[in-house]
Structures are given as structure tokens and as C-alpha cells.
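A short write-up of the structure that comes next.
The values are calculated or read from the model by the stated rules, or taken from the named source; none is laboratory data. Since the structure is predicted, the reported quantities are computational estimates derived from the model, not experimental observations. All Cβ positions, glycine included, derive from the backbone under ideal geometry; neighbour counts span all protein chains shown. These area figures cover heavy atoms from the full protein model, side chains too; ligands, DNA and RNA do not enter into them. Shrake-Rupley method; radii C 1.70, N 1.55, O 1.52, S 1.80 Å.
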Amino acid sequence: MTTASATLTREGSRLTVSPAWTVARKEWTELARDSRWRALIAVTLAMMVVSLALGLLHLGRLEREHQAATTGDRWVWTAQGPKNPHSAAHFGQYAFKPVGPLAVADPGTDEFAGSSVYLEAHRQNEAQFRSARDGTLGSRMGRLSLAFVLQAVLPLMAILLGFAAFAGERDAGTLALQLSLGVRPADLLLGKALASGAVILGLLLLATVGVGAGLAVRGPRAVEAGEVARLLGAFAGYAIYLVGFLALSFAVSARASSPRAALVALLGFWIVNVFVAPRVAIDVVRRVEPLPTAQEFRSAIAESRKAQFGHDESHPAFLAFRERVLKHYGVSRVADLPVSFRGLTLREDDEVGYRTFDEHYGRLNERLRTQDRLRAAAGVVFPSLALQPISMAMAGTDNLHHDDFIRAAERHRRRIQTAASQDLIDNARNDDPNYKAAPELWERVPSFHYERPSAWSAWRSQGANFLSLSIWSAACVGVAWRTSSRPRPY
Amino acid sequence: MHFPLETPLSGRPSRRAVLITAATCESRLLLKDTGWWVALALMAACVAYAGHNGRVRLQERGRIVAQAIQDESRRIDALTKLLDKIERHEAPRPDAPYRDPGNAIYVGRGQGAAVAYLPDAPLAAAAIGMSDLYPQVLKVSVGGKDSFLFVDEIENPAHLLGGGFDLAFVIVSILPLLVLGTCHDVLSGERERGTLALILSSSAPLATVLTGKLLVRAGGLAAMATIASCLFLPIRWESAAFAMSGLVATIMLTSAFWAALCLFVNAAGRDSAFNAVALLMIWVVLLVVGPAALNAIAQVLFPAPSRAELVIAVREAAVDAERDRDATDARYRAEHPETADKPGDDRTARTLAVTVAADARADAILNDQDGLVRRQRELSDRLAYLMPACLLQDALAELAGNGQTRWDDYLSRVATFHAAFRHFFVAKANARESLTTADYGRFPRFDPKVESEAALRASLGRVVQSLSAVALVTLALSLAAVRRLSRSA
């Protein structure tokens, strides 16, 4: 660094070069010449490429499995011979959760949430088959995904880029020299931020473009407008997070007594942010907002369902319903009804059941959402807690997307029940207990088809987390600006 | 630091005397070091918090098991009472076979299901392991294993993803950080303070002096972790002797491994800042990047089986069984027209046929899929030898009884029990016998306390193997460090 500002003359014109730009160029040159940085960037890029490739492989396998399962279940459903429609409703269908394209970057909670739901008569089931169960203990220590690289490794790079920004210059004696030459501290900060930011955000940009390119290779359908909007959301979240880390590194570096002290403090925060805070937050949230046990939950539903008659023809609700039906049709005997009474009772019982399930599952989901909100609330202090939900939401692998899938599956279950009961109502005779529907009915009941929520809904669901992350990042920038405006020269 | 200059026999101070003197001097220095006390307090606080979490998790698990047992006894009581009334002709036998407490196949498939669970091991609170992913309770029924093996406990998926703050996390991840914090400058610090020349000018071997210092620093942290574990971890002491010895060994080995690593890095002769960064990078690689990469390799080479395939196969078997049943019925009625209009309990017979067919199919597919999972685990186990942290994590999970070996043994006992349970009900149904109240007392029940000796031995072997491997690496690192030191000296 030679001058605070440089005024160049080129072919008679005066070209003013910003001092911040000069600092940035100097920093950039130093980074480019440092073989350790070249190696570190190469390793990070390699991790990104490998994690992306693994993500694409995994996505391809999951898509093939999903396709095979969907086709297989359709075959099984339509292969039923002549059968009582209610029996077919008991046999039911399976809803298999499709995996979104951006799961290549962040697999999120998919492996822990269950991948299929059994859609059967009288009962709303929870998702089954958490694939994480088939994993190893080592897999609980971490999974190499692009999200992991961006959440854990890039902040580490930001720290390594920033911890010596001021403290290192101070140690080398160049900070006092630069300040004595009239370099404004703000220009120093801006210049260093420009160079370091170019490295970090450049890597983030490469990762984002890499995801887009990876998806494009799989086919144009994978890169729809919604996916681009989601990718932008993820990019924005990670950019805010990484800028915050870079600013924090500068802030600590400007005030720390030595580069070592700055590094220890920053690494301490990184470890707490990435490894400790998420676990502590989980433990705290589990205690503040506990979930019912499966037994409690199912018992509560069973208790509520006692008000329903199910298949119990001596139940008071059944007798009352029969009275209402007879009165409605103006007949005195079930045998005189123009429609199947059994079909009517099944439909009535289902509809009462839907309200029961909505009430209980609604309460459970509300508790899950509260847990997620509480956990993310600490994101103002520990940004990974705010970033993780943003990343998963944009990838479509968070709890809200899973909940949307569960709701869609339940809507489909209700369609099957309604179709089965309606067929009984319309076609079964009251004096025919052995009525069987023709196999064409199974063809008419559609397969489960799931459309993920829009990118806009993912953005909307993450408003609070974006706000937390932005507050933290802005606070770090503010502190960096303040501390670097009066750095300790010695 | 004052070292004994010589012994009467050799003229050089004995290594033991140097070690003791170095350790004593280091202890005196650390007594006045605030940072050291902070590290000890942090260690104790982390273990206490982990112990508290372990206690809470054990209570939650206990509640789940108690509720399941209570539910089982309520179900069986209700059925027995109803059947008793039917037998004494105080109540009519229900028309629907699925409501009949005497219908073996329906009772076995539903309300008669037996509860199976894996009791907590004496040191269960030490490591969550895979226990949060597995169901705490299985309701074993006559249906295929797929109908009860995959019924999970309710849990927030994000919490399963994040894991919990247990003692294993403290020992495997936090203890190393504290060891690094206190030991990263074991040699460079002496050089930077100007005391290295003094040590070298004495006749005390440098490596022995540094070992003494590391013994106090890393050993002190390990001792604090051990004491805090004894104080704060809920342990069933009467049966925890082996597990506790293993836990203490794991804590000591973890400390020793990272201390050896500190010595190795220090022996390169760089300054403390470099050592700190280098050791932290090694921590990141060994605890974060390495395990993630190994897991990725195992998953790519042996991907987890598609459980959807299991679902479809079982459903196909059910459809095939129904078709077979229809064909058999049609043939029988064609050959015996006199039975055509006689109502029989077709529903029970059909359910029985579907149950048996689907169960056989599920068993076959599950066996295949378990083979795939085992292959992935075997590869993962082999790769774990590249990452000491994975071995330590595995050893702790095994010691806590929440590792793979004990779970596999439990599943194998559940499979045997399931076969006996199914046989009891299917035999009755095949013989078209109704259940009696006396039969209810003879329902097979799962004994959770009978664990196989082979599994206990396998678990012990796994722990010994893991710890031995880490001990070997530690020894190799120490020897390499001593060699480096002797060269540089």
C-alpha cells in the first residue's frame, strides 16, 4: 500500500481511482499469490462439486424409486378384482413423497420425515419409512451436502479471510503506517471487504450456478421458474449469512489484541453457531413445547372417535343417523331406501372422522410449527438457526413442505373414501350384503399426484427467518463499520 | 521449571522422575491459570447439561414404554372380559368377525398385539446413538413384520436431523476442542516465552517434559469429564461396571489422541497461532468433513434399500392371495354346488390367507433389504477406521446400549417372538378354533430382559476394537512426535 488515494493521468484525462478499490486490488493480489489460499479454495470447490454430484446421484435414485413405487401402487390398486368398494377402501393406496430438484443442494429433513403415507379407510396415518433409520451412526455426524459446505465451510473461510484483516496488519506494523499515510479506516474496511467478499460470494455464486447447471443437465423441466425463484431465495439467505460472518470477522479483527485472539474468538463463535447452538436449541424447544407420544396421540384420537359409530350398528349416533335418513327419504325401513344405507353410513362416519383428524393433526402440526419458530428465534444471535430453515424451505425439504405433502395425501385418501362410499350409495342394494363393484371403479379413482407449494409460499414462510438473519448480518456490518472506523493501531 | 539433574546410577535423571517433576510444575502453573479453570468449568458444565438431557430422554422413553404396556393390558383386559361374558352367554358373539374376541386372526392382527421394547442399558443416558430414530416400542402382531417395524414415534424431523446434546457429543466433539485450547502451545508456548532454552539446557529429555505437561493438561480435562460424568449422568451403578470402565477408557483415549496430535503438530516447530489453526483444521476434518465424506461414500456404494419396494411387494402378495382365494372358492363352489348359498366366514378365511401370503413376502423382502443395509454398515465400519472420531462415537453408543449391535440383537429376538406369536394365532385360525379366555392367558409375551450373550460379546468386541484402533493411532502419533522432537532437538 503506497498511497491513500491515487490520481492517474491517462492520455490527458484524469482518472480517479477509489482508495477502497486500491486496497481491494492489493488484498486480491495477495490472496491470488498465496498458495495456501489457492489450495483452500480448490479444496472447497472440490467439496462443492463432490457434494453436488452426490446430490444429483441421490436425487436420480430417489426419483427412480418414486416412479417405480407410484407405478407399482397403481398396478396393485387397479389389479383388484371385483370387490366391495369399502373393502377396496380398506386396501387403500400409498402416497409416495416426490423429491424436489433442489434437494440436490439441501436434503433437509426428508430422510427423517418419512417418505410414504398409507391411505386407508377410517384412519389418517402418519408418514412411514424414515430412510435415516437405515443409515449408520456415522451418518448422524454429518452428511456431505452442498448446504453443509455453504453453512459450515464457507463461514470458516470467511473467518480465515477476515481474522487478520486489521489484527494482522497491526502485528506487522503496516496498519499504523497506512493510517499515517491518510488511508481512511472506512476505505480499508471497504477494500478488504470487497476482496474477501469477492472470494466468498464468488464461491457462493459458483455453487448456485452449479446447482442450476446440474439441474439443467437432468432436463429442462428441472429448472422451472419456481426453481429459479427458490434458488434465488437460497442464494439471498446464504449471501446475507456469509456477509455477516465476513463483517463479524472484520469487527473482531479490528478490536482484538492479536490475530490469534481474533481467530480464537471467531472460531469459538463458529463452533457454537454451527454445532452447539442447534443442539441446545433442539433440547430447549423439546422441553418448552413437548410433543405428545405416539400412544397419547393415537389414544386421544381413539377417544374422540368414540363419538363416531364406525361399523357399530348399536351405537347411539348410528341409530340417530338412521332415524334422520329414514325421515329424509320418508320411509320407515332401511330396506325401502332408494339408496344404499350402508354407503350413507360410511360417508357420514368418514365425514365426522375427517373433523376429528383435522382437529388432532391440526393441533400436532401447530405444535411442530411452534417448535420450528422457537428454534429459529435464536437465529438473531446464532445465524445458522435462521439460515437452516431458509435453506430447507427453498429446497422444499423442510417441515412445512412435508406437512403440505401429508395434507395432500390426506385429501387424496378422502377422495378414495368418498368414491368408494358413493359407489355403494348409488349401486348397492340394501338387501345385498355381497355387493361387489366392477374393477372399472378402481380405474376411475385417480392415483395420488402431488404438486409442491409454489416458490412464493416458500419465500413467504421464511419472512421471519430472513428478518432474523438480516438483523444479525446488519448488526455485524454495523459493528464492523464502527470498530474499524477507530481500529487499534498498536 | 526445576528438573532433577541426575540420578546416582546413570548420571541422567530417570524419565519417571522427569515426568513427575514436569507434571508437578505444570500443575502448579495451571493452578494460577484462569484459562485452565475456565476450561475445566466449561467441561463440567457441558457434561452436567448432557447428563440432564440424558435424564430427560430416559424419562421420556420410560413414559412411552409405560404407556404402551398400560395400553396392552387395557386391550387384553377388555377382550378377556367381553369373551368371558360371551362364554357365559351374558353377551352375544358379535356378528362382525373383526369384533369377535374369539376370532384368532383378527385378535392377533389387532387388539391382541404384544408390546416389545428394548430396556435402557445402565449407561443409556451417555449416548443417544440411533435410539431416537428407532421406535421405542413395537406392537408385534400377526401381520407381517412390515406392519409394526416401521411405526415410528412422533418427533419433529428437524430435531432428528440436528441430533441432541448428549455426553457422546461432549466427549467426541467438545473435549477435543478444550484439549486443543489448552495443549496447542505445549512446545511453541515455551519457545515464545523463552523458557524452551531453559528446558533444553537441563538434561531432561524434551519429549518426557512435554509428555508430563500434556498429562496434566489433557489428563486434567479427562479427569474432570470423568468425575462430572459420575456426578451428573444418570447411571444404574449396580450393573454399569463394564460400561463405566469403557466410558472412562473412551474419555482418556479421546484426550490422549488429541494431546498426541497437539504434540505432533507442535513438534513441527511452528508458532502457537499456526498450531492453533492447524489443529482446528484437523478437528474440522476429523469431526465434520471426514465423517460426512465417509458416509457419502458408503451411501453411494451401498444405497439404502427402497422401502417403497417392500410396500409394493407386500401389497402385490395380498392381491395375489385374494385372487388365489377367489379362484379356490370358485372351484370349490363349482365342485360342491350344494354349498353355494351357505354363508361361511369367508372374511376370516380371506384375511388369514392374505396375512400368511403377505407376511411370507414381507419376510423375504425384508431379509434382502436387511442384507443391503448390513453391507452399507460393514463398509461404513471399515471406513470408520480412517476417522478416530467415528470409532469413539461408535464405542460410546455401544457402551450406552444404543448402538447397532444391541438393536440388531433386539430385532432378531423380536423376529423370533413374532414367529411364535404368529404361529399361536394362525394355528388356531387354521384349525378354525375360537379363542377362549384361557387362551388369553397363554398369549405369547415378549421378554425384554433376555439379551443374548453373543450380542453382549459382539458389543464388547466392537468397543474393544474401536478403542484399540484409536489407542494404536495415538501411539503412532506420539512416537512420530517424539521422533520429530528428537530430530529438531
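Couple of notes before you dig in:
- Checklist (1) out of contact with any Pro (no Cβ under 7 Å at 6 or more places or on another chain); (2) surrounded by fewer than 17 Cβ atoms within 10 Å (Cβ to Cβ) applied to A:TYR329, failing item: (1)
- Candidates A:ARG230, A:ARG298 - the one that is charged (D, E, K, R), open to solvent by 40 Å² or more (accessible area, probe 1.4 Å) and either part of a helix (DSSP H, G or I) or facing chain B (nearest Cβ under 9 Å) (or both): A:ARG298
- Residues that are more than 29 Å from the chain's Cα centre (by Cα) and either open to solvent by 80 Å² or more (accessible area, probe 1.4 Å) or of a type in the set (S, T, N, Q) (or both) within region B:453-489 comprise B:SER478, B:LEU479, B:ARG483, B:ARG484, B:SER486, B:ARG487, B:SER488, B:ALA489, listed in sequence order.
- Entry remark, region B:297-350: residues being open to solvent by less than 40 Å² (accessible area, probe 1.4 Å), farther than 19 Å from B:ASN430 by Cβ, at pLDDT below 70 and within 12 Å of another protein chain (Cβ to nearest Cβ) number 0 in total.
- Criterion (basic (Lys, Arg), assigned to a helix (DSSP H, G or I) and more than 30 Å from A:LEU146 (Cβ to Cβ)) met by exactly one of A:ARG369, A:ARG375, A:ARG413: A:ARG413
- Test: residue in region A:344-351 that is under 38 Å from the mean Cα position of the chain (by Cα) and either assigned to a loop (DSSP other than H, G, I, E, B) or free of Cβ contacts under 8 Å to residues at least 60 places away in the same chain (or both): yes
- Residue within region B:419-432 that is buried (at least 16 other Cβ atoms within 10 Å of the Cβ) and farther than 29 Å from B:GLY371 by Cβ present: yes
- Among (1) under 23 Å from the mean Cα position of the chain (by Cα); (2) within 13 Å of another protein chain (Cβ to nearest Cβ), the one test that A:GLY362 misses: (2)
- Candidate set from region A:436-455 (those that are under 26 Å from the mean Cα position of the chain (by Cα) and over 14 Å from A:PHE96 (Cα atoms)); member that is surrounded by the most Cβ atoms within 10 Å (Cβ to Cβ): A:ALA455
- Residues of region A:416-440 that are among the polar types (S, T, N, Q) and either on the phi > 0 side of the Ramachandran plot or not in a helix (DSSP H, G or I) (or both): A:ASN430, A:ASN434.
- If you go through region A:127-150 and keep only what is at the interface with chain B (Cβ under 7 Å from one of its Cβ atoms), small (Gly, Ala, Ser), assigned to a loop (DSSP other than H, G, I, E, B) and in contact with an Asp or Glu (Cβ under 8 Å, 6 or more places away or on another chain), you end up with just A:GLY135.
- Residue ID - nearest to the other protein chains (Cβ to nearest Cβ), chosen from residues in region A:113-126 that are open to solvent by less than 20 Å² (accessible area, probe 1.4 Å) and not in a strand (DSSP E or B): A:ALA113
- In region B:227-250, of all residues being of a type in the set (Val, Ile, Thr) and out of contact with any Leu (no Cβ under 8 Å at 6 or more places or on another chain), the one that is nearest to B:VAL47 (Cα to Cα) corresponds to B:ILE227.
- Residue that is assigned to a helix (DSSP H, G or I), open to solvent by 20 Å² or more (accessible area, probe 1.4 Å) and either of a type in the set (Ser, Thr, Tyr) or within 14 Å of chain B (Cβ to nearest Cβ) (or both), where the choices are A:SER253, A:SER257, A:SER304, A:SER249: A:SER304
- In the set (1) more than 10 Å from every other protein chain (Cβ to nearest Cβ); (2) of a type in the set (A, V, I, L, M, F, W, C); (3) in contact (Cβ under 8 Å) with a residue 60 or more places away in the chain; (4) closer than 30 Å to B:LEU138 by Cβ, the condition left unmet by A:VAL272 is number (4).
- Whichever residue in region B:150-168 is surrounded by fewer than 24 Cβ atoms within 10 Å (Cβ to Cβ) and in contact (Cβ under 8 Å) with a residue 40 or more places away in the chain and, among such residues, is nearest to B:PHE232 (Cα to Cα): B:GLY164
- Of all residues in region A:260-269 being more than 10 Å from chain B (Cβ to nearest Cβ) and open to solvent by 30 Å² or more (accessible area, probe 1.4 Å), the one that is nearest to B:ALA278 (Cα to Cα): A:ALA265
- Of the residues contained in region B:43-51, one or more are found to be within 11 Å of chain A (Cβ to nearest Cβ), surrounded by 20 or more Cβ atoms within 10 Å (Cβ to Cβ) and among the aliphatic types (A, V, I, L, M).
- Residue selected from region B:149-190 under the condition more than 10 Å from chain A (Cβ to nearest Cβ) and among the hydroxyl-bearing types (Ser, Thr, Tyr), by the criterion farthest from A:ARG279 (Cα to Cα): B:SER188
- Which numbered condition A:ALA164 fails, given (1) open to solvent by 20 Å² or more (accessible area, probe 1.4 Å); (2) part of a helix (DSSP H, G or I); (3) closer than 17 Å to A:LEU31 by Cα: (2)
Okay, residues lined up against (1) free of Cβ contacts under 8 Å to residues at least 40 places away in the same chain; (2) of a type in the set (A, V, I, L, M):
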| residue | (1), (2) |
| --- | --- |
| B:CYS230 | yes, no |
| B:LEU233 | no, yes |
| B:SER255 | no, no |
| B:VAL265 | no, yes |
| B:GLY269 | no, no |
| B:MET281 | yes, yes |
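- Being in contact (Cβ under 8 Å) with a residue 12 or more places away in the chain and either open to solvent by 10 Å² or more (accessible area, probe 1.4 Å) or closer than 16 Å to B:ALA267 by Cβ (or both) holds for only one residue in B:LEU177, B:LEU196, and it is B:LEU177.
- Exactly one residue among B:PRO205, B:PRO122 is touching a residue at least 40 places away in the same chain (Cβ under 8 Å), away from chain A (no Cβ under 13 Å), under 23 Å from B:LEU391 (Cβ atoms) and open to solvent by 10 Å² or more (accessible area, probe 1.4 Å), and that residue is B:PRO122.
- Enumeration of residues in region A:68-123 that are closer than 16 Å to A:LYS436 by Cβ and small (Gly, Ala, Ser): A:ALA79, A:GLY81, A:SER87, A:ALA88, A:ALA89
- Those residues of region A:394-407 which are more than 14 Å from every other protein chain (Cβ to nearest Cβ) and surrounded by 19 or more Cβ atoms within 10 Å (Cβ to Cβ), in sequence order: A:MET394
- Among the numbered conditions (1) under 31 Å from the mean Cα position of the chain (by Cα); (2) buried (at least 20 other Cβ atoms within 10 Å of the Cβ); (3) in a helix (DSSP H, G or I), the only one that B:LEU231 does not meet is (2).
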